[in-house]
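Notes for the one structure printed next.
The values are calculated or read from the model by the stated rules, or taken from the named source; none is laboratory data. Model, not experiment: these values are computed from the prediction. Methodologically, a virtual Cβ is constructed for each residue, glycine included, from the backbone with ideal geometry; neighbour enumeration extends over all protein chains shown. Side chains are part of the model used for accessible areas, which takes the heavy atoms of the whole protein and leaves out ligands, DNA and RNA. Shrake-Rupley method; radii C 1.70, N 1.55, O 1.52, S 1.80 Å.
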Amino acid sequence: MLSELRTAHKVIGVKQSKKAIRGGAAAEVFVALDAEKRVVGPVYELCSETGTKITEITTMAELGDAAGIDVGAAVVTVLR
């Protein structure tokens with residue numbers, strides 16, 4: 001799925017991801033393992049509450065590159 005992330009309908013970032021998860025629009029959430037826990041912790045909690053699938057990616061740089069952006073990303077959410 002990581003290779004398909006570049007072209008998937010998605011949102012990038014914690015704030016937009018939390019909004020998508022709360023609204024039921026999230027199909028799968030990708031979280032970078034090297035992101036600060038205080039930043040991504042609420043995303044894990046929301047995914048647990050809503051039953052949204054989480055996939056962990058090793059680094060923010062890898063996740064950002066997979067999403068097609070020039071900077072690292074802590075969270076990327078694929079939308080339904």
So, in region 10-53, how many residues would count as being closer than 10 Å to THR77 by Cβ and either of a type in the set (S, T, N, Q) or touching a strand residue (DSSP E or B) at 6+ places or on another chain (Cβ under 6 Å) (or both)?
17
Scan of region 63-79 for residues that are among the aliphatic types (A, V, I, L, M), surrounded by 19 or more Cβ atoms within 10 Å (Cβ to Cβ) and in a strand (DSSP E or B), ordered by number
VAL75, VAL76, VAL78
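Rundown of residues vs (1) outside any helix (DSSP H, G or I); (2) hydrophobic (A, V, I, L, M, F, W, C); (3) free of Cβ contacts under 8 Å to residues at least 60 places away in the same chain; (4) open to solvent by less than 90 Å² (accessible area, probe 1.4 Å), yes/no style:
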{"position": "ARG6", "(1), (2), (3), (4)": "yes, no, no, no"}
{"position": "SER17", "(1), (2), (3), (4)": "no, no, no, yes"}
{"position": "ALA20", "(1), (2), (3), (4)": "no, yes, yes, yes"}
{"position": "GLY41", "(1), (2), (3), (4)": "no, no, yes, yes"}
{"position": "GLU49", "(1), (2), (3), (4)": "no, no, yes, no"}
{"position": "GLU56", "(1), (2), (3), (4)": "yes, no, yes, no"}
Test: VAL31 is touching a residue at least 60 places away in the same chain (Cβ under 8 Å), part of a strand (DSSP E or B) and out of contact with any Gly (no Cβ under 8 Å at 6 or more places or on another chain)
no
Count of region 23-39 residues which are buried (at least 22 other Cβ atoms within 10 Å of the Cβ) and more than 18 Å from THR7 (Cβ to Cβ):
2
